[in-house]
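Input: a single structure, listed below in structure tokens.
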Amino acid sequence: MNARGRRTVVPVLDFAIGADEFVTMAGPCSVESEQQLRSTALRVRRAGARVLRGGAFKPRSSPYAFQGLGLEGLKLLVAAREETGLAIVTEVMSEEDVPLVAEYADILQIGSRSMENYSLLEAAAKSGRPILLKRGMVATIADLLRSAQVILSNGNPNVILCERGIRTFETSLRNTFDAAGIALLKQISHLPVIADPSHACGHRGLVAALARIGIAAGADGMIVEVHPNPEKALSDGDQSLDFAEFDAMMAALEPWIALRAVAAQEEAFAQNGHAESCPLEAAG
Ligand code: PEP
Ligand code: MN
């Protein structure tokens, strides 16, 4: 996958991911109720988000934890799209659910735990929906690009890569945010890359800092967890921003987003020179 030549621009409703605009996806980790989702959708749209996130089928570390509302969650997402005009991204966990989720969602999310489930990737690819492919928690950049290639070679060009933190020996945060991985992906792949500062750190106090780092690394957008009352969230409350925190972060990020044009120039320079010798270029 070579970054030179044309970049992949993924069309979604009336905007695009991977073009000039920095695209923010925001919303709760899990869809919990109409009131929770609707209030979040209205607030994140007002703050500048383009995409509403929210899990209806939840991959949880514990089988006893909240597993999501399923179809009811998908219906709530669609109602929120109708009211706000936000596009919907939601996870699909199994091959059998692909037709159902693809009927409701604008973007299918493949979660970290599923990144190497090639039969799921194939089924998701064939749905024709854009795919947000999250990096597995122990996946290398080459592994991520191989999974992207599975989607591309099944006839779906609309892949969005997502860096969401990886497992390392460092245990002070939920994961280790691989900002260099974002910069590298922007050099060696033509696909859009988005940052997930929420899962990368697991702690709401660091989300804005990681978002800034993601932007500086060249990300085309970000996906952030927001909840009306994070203390009461059924999943990932510790890393979810409340509305005021999300508003403040979005306002503070404006000058950083404006600087992206400079990063794009540097990227073009790197592509003309150094990327040629990148050892990963052959991978994916
Ligand atoms: C999520 O987006 O809520 C999620 C489960 O993410 P990941 O697959 O990156 O853990
Ligand atoms: Mn989550």
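Things to note:
- Residue in region 205-219 that is touching a residue at least 24 places away in the same chain (Cβ under 8 Å), within 23 Å of residue 36 (Cβ to Cβ), of a type in the set (Val, Ile, Thr) and buried (at least 22 other Cβ atoms within 10 Å of the Cβ) present: yes
- Restricting 161, 173, 191, 184 to residues that are within 16 Å of ligand 1 (Cβ to nearest atom) and over 21 Å from residue 240 (Cα atoms) narrows the list to 161.
- Within region 159-177, the residues that satisfy the criterion of being surrounded by 19 or more Cβ atoms within 10 Å (Cβ to Cβ) and touching a Leu at 6+ places or on another chain (Cβ under 9 Å) are 159, 160, 161, 162, 163, 165, 177.
- Residues within region 172-185 that are under 15 Å from the mean Cα position of the chain (by Cα) and farther than 20 Å from residue 209 by Cβ, tallied: 1
- Residues being within 22 Å of residue 235 (Cα to Cα), assigned to a loop (DSSP other than H, G, I, E, B) and within 16 Å of ligand 2 (Cβ to nearest atom) are entirely absent from region 39-46.
- Count of residues meeting criterion [in a loop (DSSP other than H, G, I, E, B) and within 19 Å of residue 207 (Cα to Cα)] in region 29-38: 1
- The numbered conditions (1) away from ligand 2 (no atom under 13 Å from the Cβ); (2) crowded, with 24+ Cβ neighbours inside 10 Å; (3) over 14 Å from residue 141 (Cβ atoms); (4) in contact (Cβ under 8 Å) with a residue 60 or more places away in the chain are all true for residue 190 except (2).
- Residue list for region 144-164, restricted to those being out of contact with any Asp or Glu (no Cβ under 7 Å at 6 or more places or on another chain) and of a type outside the set (A, V, I, L, M, F, W, C): 146, 149, 153, 155, 156, 157, 158
- Test result for residue 114, out of contact with any strand residue (DSSP E or B) (no Cβ under 7 Å at 6 or more places or on another chain), among the small types (Gly, Ala, Ser) and under 19 Å from residue 196 (Cβ atoms): yes
- Candidates 65, 26, 49, filtered to the one that is within 14 Å of ligand 1 (Cβ to nearest atom) and in a loop (DSSP other than H, G, I, E, B): 65
- Condition met for residue 74 (under 19 Å from the mean Cα position of the chain (by Cα) and either within 14 Å of residue 223 (Cβ to Cβ) or within 14 Å of ligand 1 (Cβ to nearest atom) (or both)): no
- Out of 21, 34, sole residue that is of a type in the set (Asp, Glu) and in contact with a helix residue (DSSP H, G or I) (Cβ under 7 Å, 6 or more places away or on another chain): 34
Quick note: the coordinates plus some simple rules give every number you see, no bench work behind them. Every value quoted in this text rests on a predicted model; they were computed, and no experiment measured them. Cβ atoms come from the backbone with ideal geometry, glycine included; neighbour counts cover every protein chain shown.
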